[in-house]
Every structure is written in structure tokens, then in C-alpha cells.
Amino acid sequence: MAEPRILTIELGRVENLDRPTEFDEKPQLYFARGPYGKLGVARFPWDEVESLRDAFRQCEPPEVARRQMGALLLRFLQDVLKGTTGWSGYESALLDAQGTTPTPCLLRFRFSASELFSLPWAVLELDRYRSLGSIQPYPVSFEWASNHPAPAEAARSGRTLFAWAEPMGLDPVGVDAHLRALRDTCPGFDPKEDVLEDMDQDALRDTLRRARDEGRPFQVLHILCHGSEKDGAFGLVWNAPYPWRVPEVVMGERIRAILAPFKEDLQVVILSACHGGDPGRPGRMFGGVAHDIHQLGFPGVIASLMPLSVDGSVLMSRAFHEAFSMRKTSIREAYQAAHAALPLNTSDWASLQLFMPAPSEEKPLRGERILFEPEHPPRMPDEVAVAYEVNFNVAEGSIHEALVKQDAATIPTLVLQPFGRVDDGLPATPVEWRRAFKQAEQLVNAMGPEVSRMHLFGRAPLPLMFHLGWLTQRLKLRAYQEQRGRNGIWDCGYDAALPIPKEGRFFTEHVLPDKDACRAAGNRLALLVEVNQVVSPEAVTQWLGAESPMPLMRLRVARGISSSALESEQDGLRALEEFRKCLDDLHENVSDVSEVWLAMACPASLAAVLGRAYNRKTQPALRLFNFRKGEGYREVHLIGHMVRHPPRDR
């Protein structure tokens, strides 16, 4: 058979990217990433899903609910893929692959938000009055967005562990029928050695460990039990530890901890349980059992999103093991055989899911997105992107699109989010300001000498951006700025690798203040940078006072103050050099000045660029001020200090 053509649909939230399991079921904006960095954006109507969700938790959802859900999913994919290749290309490829073409077609859904896994994608409406789940062999698999490639499928030992739990007081799960299916289809299956009866957590761990110690590890783990909801999340119903032997709902995190030591042994984990792949109710979407296991990196995890009938589980089990263990097919082909065995008069066919990591030969579309934690700093390569998120998130897709243009799409993105959340009013107190400045310093310290280039995307107050630019002077910086209107497109506004333009000015010529006026103000002066907004006289008076204000220098953009004043990378280069010359002139010609009060009205990227001009060894100390409506300018940080020595007697 020819190698399959793999189609990938990658979807993620536009906001709250770093909290993939937090979801309130309100309509959300999602992005789709297409080839060559193309992006599409659309809103998903979760309010419409709410009225249908309970129907899909039944063993047999009504036909009307299926049709409504299928049409809803179709509209969403048509909208979100408009900016990329369009949904019609995917649909045509999937349908045409069933015809005379010798090349099969596979569809991989790659998600970075847990709620997207909760949707029954198999009922997606297609042309010719069909659903996605009716395509055979069933082409769909799922994966969490990551850069962890799938390990190669190991040579087969043929050993399968059948672990089941049927606690007292619960309905039968069909143990004997499943056991017959495995006896018939798994060569070498030994019911005395390869069956774990009345499973509990300790027994499963001990059985897997003992098999590995004997040199005969299990490569297939087939779990049969009930699934149950607990506090809005779904787990598996096993026996509590001896001697209690009462039903216990075991959540995915605990099962993941049991299986983690055996990730090199197990090739595939099968969950014959209701809701094994369900990420949970809104507000409690912690990932689900199958998701937790999948994120360990197993080559395959098979689970049911919705209720799974006993008959359907038996049919699925027999078909999978016949293909995988007897015919030695791949995990995907065995899953397709299992899916094809399910009847269409239940929800089993729409519910059975395959989770697989990306093939190991596939190059990642982008680097990992890592939330920076000072207590556990990650190892970093020589080139990184930094998303400075204080007031707003920076969309992951927007960063990727900008990096693609710089041939840097595979570098990791470090998310600097000092408060674990974003809000327009942060930082709000002196303590919060100190925390934000400190965490920026911790990030730069964690970079160490290994990092040499940084791509900066900032949604933070200007003093924080200036401070980070100052801290990273040694790095080759590329600073990006979002286009007007916050359309999600970020352009490079500064590149340290480019030569400084010899002609043209960014700022008007600065005028040095009177020395006597600076002395009268306690050897201080104020410096105001105005680029995209004019600072009103009232704001200046509120900042410096009405009586005997200190001298004020104003650096204004030469082409006129406007929201589009920063036009190109050359503007950033000119602004940096002219700002540095301004500070150097103060040091050389107004040498008594020991402190400069700095306020800025400029794009965030430019604030970071200007920070690279400051030299605390030779230039006056800088007091950074932040502006907010209703508050005016408030001092937030002091950088550097100069010690003035009295003149020596001659």
C-alpha cells in the first residue's frame, strides 16, 4: 500500500493559550494554522453546543442532534479555515481517497485547547449527505499540540495485558466476552499470566513491573471497566486498595503516574470504558484519562469520548487485536479495523477516538510554548522568542506567523507572565511592580550565556518593556509590534543585526536644559519621549508639579506624532542611536545631572529598544514612570545610580 497522505488541522484558542484546560463554555475565538504560516480565525458557538451536549452523553443520540452538531462543526471549519487552504480541499481529498486513487488519506486534528477534544468530530457533515465517521477506513486521529514526536513502534513481543475491574454493586462490563475475543485474536495470550482480575492501582503497577523485570514486558495494555464522572471530570472505576475493595474513581493524573515508568514498554493503551476520552465538564476540563496518558508520548491511545456499549466494546476489541496481534498491522490500521466493526445504530462509531503523537519524521511546525517559572527555569537554545504578557495575551499563532517570516518558526517561545494572568490594570501596587521587574531579571539570568538572539513580543507597560530591553543589551534583539487595530499581525520594528542608517532622523534634535535650572531642581531633569501620542500640558503639570517644575526635555518623532509613526526596522535603529546620543550629551555637557525622570508615550516595542541605550556606569540614574488614566504618571522603578564625588582641592 502507498504511504498515506496526511492532512493536519491545527486549532487553538486566540486567548488564554497557557491555560488549555480552563474553559467556561462561552463562545471563543480560535485560530487555525495552515501551511506557510497562513492563519484563519473564527468564533466557535459553544452556547449552541450546550443544548446538544447531553444528547451526546446518551448511548444513542437522536438523529436530529447528530445532524445539528454535524452542521455546526461544518460551519466552524469553513469559517476558521477561510484564511488558510479552506475546508473544501480537505473534504475533497478525504472523499476522493475512497475512490480509485491508490493513496489513502488521513486527517489529524491537532488541538491546544481541551474543549476541542470534547466535540464529536465523527458526525461532522460532509458533502454527498455523509458524515466524517462514515468514511472507511476511518481517517481521523487526535493529538495535543506539542513537539514530542512519536517513538517508533517497537518489534512485537505479542504480549497483551488484559486488566479489568468490575466492583461489587455495578453493572457487568462483559469480562467473559472480552476475554474470548482476546483468546481468539492474540497469539500466545495466556489467561493465567496476561490477565489482571479485579484491578486496583497497586496491582496494575506491580503487574507491569514484574513483567518488565522478567524480561517479558507488556506492549499492549487493554483496560476494561466503567467510566464515571467525579466533580465534573471523568475517571475510571476500579477497586479501592485491599482490604476495602469498594468502587473508586481513579482520575487520569493517577493513571498517568502508574504508567509513566513503562512508557518505553507499552505501544498502545486501550480504554474500554465510557468517557475514557472525555476531557470533562466546562470549568473542570482537566484533560481526561486518555489525554493524560497520550501526553506521556505513547504511540497510540484508544478511548471513547461518550458512553461505550458492552457489545460495541467487544466488537472493537476483537477487530483491533485481530489486526494488530494476528495480522501485525500498524496501530492506526488496527484502530481503523476496530472503528469499522462498530454498528451505526449506536454512538460507538462517533465516539471511538485514536490519540497519536506526530510521526517522528515530521518536522515541528513551531517551537514549544513554555510558561517561564523562575523556580524551574527551562534549558534554552541559542535563539528564543519571548512573549511578555502582562496586560494582554500574545496569540501563539501570531508569534508563529511573525517568526516564519524570519526563518525562525521552530524556536521555543518563553511566556513571561509575572502574575499568572493578564489584566489591563496590572501591575497595580508597588509590590506587583517589584515582582514584575524581578521576574524579568530572573528570566534574563536563566538565559545565561547560551542565548544569543531574542525575538520580543510585548503586551506590557512601557517601563517593563524598557527595563527588559536594558537587561538584554548583549543579545541580538528583534522587537515586534502589532499592527494598528490589534489585528494579530506583528511586524518587526527593530533588528539589531541590521546596519544603522546613515541618513534621516527619527526624533527631532534634542535641546539640552539649562545647567542652573537642573541644579536648582536638585540635579534632576525630566525626559519625555513622544511618538504615538501627544502628552497634554495637564498631564505634564500633574507629573512635575505646577510650581518650580524641574527642567523638561522632549524627544518627539520628527515626522509628526501619530499611531503610525514607527514604520520600519530602520526607524527603530535610528531611535536607539538618537536616544543614546541624548543620554550621552547629558552626561558630557550637563554633568551635574545625577537623575533623569523618564516617561514615554510610544509603542511597547520601541520602549524595549530605547532601553538598550542606557548605560548605568556612565549615564544618570533613571526613574521610570508609568501612565494610567485616572492616575497620571506614577514612579515605578529606579535603574542605576551615580555617586557624585566632591571636586578635589588643587
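Separation of the alpha carbons by more than 23 angstrom is noted, of 581/617; 438/617; 405/438; 502/617; 515/617, for 405/438; 502/617.
Listed values (1) -0.36, -0.97, -1.32; (2) -0.48, -1.06, -1.32; (3) -0.44, -0.93, -1.17 include one computed from this model; for log10 I(q)/I(0) by the Debye sum over Cα atoms at q = 0.06, 0.10, 0.12 Å⁻¹ that value carries the label (3).
The DSSP beta bridges internal to the chain are antiparallel in roughly 40% of cases. Over the Cα atoms of the range 500-650, the radius of gyration divided by the Kirkwood radius equals 0.97; this is the Rg/Rh ratio.
Peptides 463-469, 160-166, 490-496 ranked from most to least packed, by the mean per-residue count of other Cβ atoms within 10 Å: 463-469, 160-166, 490-496.
Within the full protein context, the accessible area of residue 592 is estimated at about 70 Å² for a probe radius of 1.4 Å.
Taking every DSSP helix (H) stretch of at least 4 residues in the chain, weighting each as -39,500 (n - 2.57) and dividing the sum by the residue count yields a mean residue ellipticity at 222 nm of -8500 deg cm²/dmol. What separates the Cα centres of the range 565-584 and the range 489-561 is a distance of 12 Å. Per-residue packing, averaged as other Cβ atoms within 10 Å, sorts the ranges 190-197, 478-485 into the order 478-485, 190-197, beginning with the highest. Across all C-alpha atoms in the range 417-509, the radius of gyration and Dmax reach 15.3, 44 Å. The alpha-carbon of residue 26 sits under 28 angstrom from the alpha-carbons of these lysines, leaving out residues fewer than 8 places away in its chain: 38, 82, 230.
For residue 263, a cut-off of 25 angstrom between C-alpha atoms picks up these lysines, skipping any fewer than 8 places away in its own chain: 192, 328, 363. Taking Lys and Arg as +1 and Asp and Glu as -1, the other residues whose beta-carbon sits under 9 Å from that of residue 551 total 0.
Less than 5 angstrom separates the built amide H of residue 476 from those of 453, 454, all sequence-distant by 5 or more or on a different chain.
Measuring spread by the Cα atoms of the range 164-241 yields a radius of gyration and Dmax of 13.8, 41 Å.
Remark: the range 587-597, residue by residue, has Karplus-estimated 3J(HN,Hα) of 5, 7, 10, 10, 5, 6, 5, 10, 8, 10, 8 Hz, where x stands for each Gly or Pro and the curve is 6.51 cos²θ - 1.76 cosθ + 1.60 at θ = phi - 60°.
Please report the net charge: other residues with Cβ closer than 13 Å to the Cβ of residue 471, K and R +1, D and E -1. With Lys, Arg at +1 and Asp, Glu at -1, the net is +3. Annotation note: trypsin sites (Lys or Arg not before Pro) in the range 410-452 located in DSSP loop regions with a Cβ neighbour count of at most 13 within 10 Å are 421. In order along the range 41-46, the Karplus-derived 3J(HN,Hα) couplings, from 6.51 cos²θ - 1.76 cosθ + 1.60 at θ = phi - 60°, round to 9, 7, 9, 9, x, 5 Hz, and Gly and Pro are given as x. By DSSP, the beta bridges lying fully in the range 499-650 are antiparallel in about 35 percent of cases. Ignoring ligands, DNA and RNA, what percent of the accessible area of the chain is carbon or sulfur (1.4 Å)? Carbon-and-sulfur percentage of accessible area, whole number: 49.
Mind checking the angle between helix 310-321 and the chain's longest principal axis? C-alpha axes, 0 to 90 degrees, to the nearest 10. Relative to the chain, helix 310-321 is tipped by roughly 80 degrees. Taking the Cα centre of the chain as reference, the dipole from Cβ charges on Lys and Arg (+1) and Asp and Glu (-1) amounts to some 1600 debye.
Any chance you could give the angle, 0 to 90 degrees and rounded to 10, that helix 87-96 forms with the longest Cα principal axis of the chain? Between helix and principal axis, roughly 30 degrees. Seen from residue 491, the other residues with C-beta closer than 10 Å to its C-beta sum to a net charge of -2, counting Lys and Arg as +1 and Asp and Glu as -1. Roughly what angle does helix 63-80 make with the longest principal axis of the chain, taking Cα atoms, 0 to 90 degrees, to the nearest 10? The two axes meet at around 30 degrees. In order along the range 260-267, phi translates into HN-Hα couplings of 3, x, 10, 5, 7, 8, 6, 9 Hz, rounded to whole numbers, per the Karplus curve 6.51 cos²θ - 1.76 cosθ + 1.60 with θ = phi - 60° and x for Gly and Pro. Think of a 1.4 Å ball rolled over the protein heavy atoms: the chain then has 44 Å² of accessible area per residue.
Summary of packing: across the peptides 370-376, 452-458, the per-residue average of other C-beta atoms within 10 Å ranks them, highest first, as 452-458, 370-376.
The values are calculated or read from the model by the stated rules, or taken from the named source; none is laboratory data. No experiment lies behind these values; they were computed from the predicted model shown. When we count neighbours, we look across all protein chains shown, and the Cβ atoms used for this are built from the backbone with ideal geometry, even at glycine. These area figures cover heavy atoms from the full protein model, side chains too; ligands, DNA and RNA do not enter into them. Shrake-Rupley method; radii C 1.70, N 1.55, O 1.52, S 1.80 Å.
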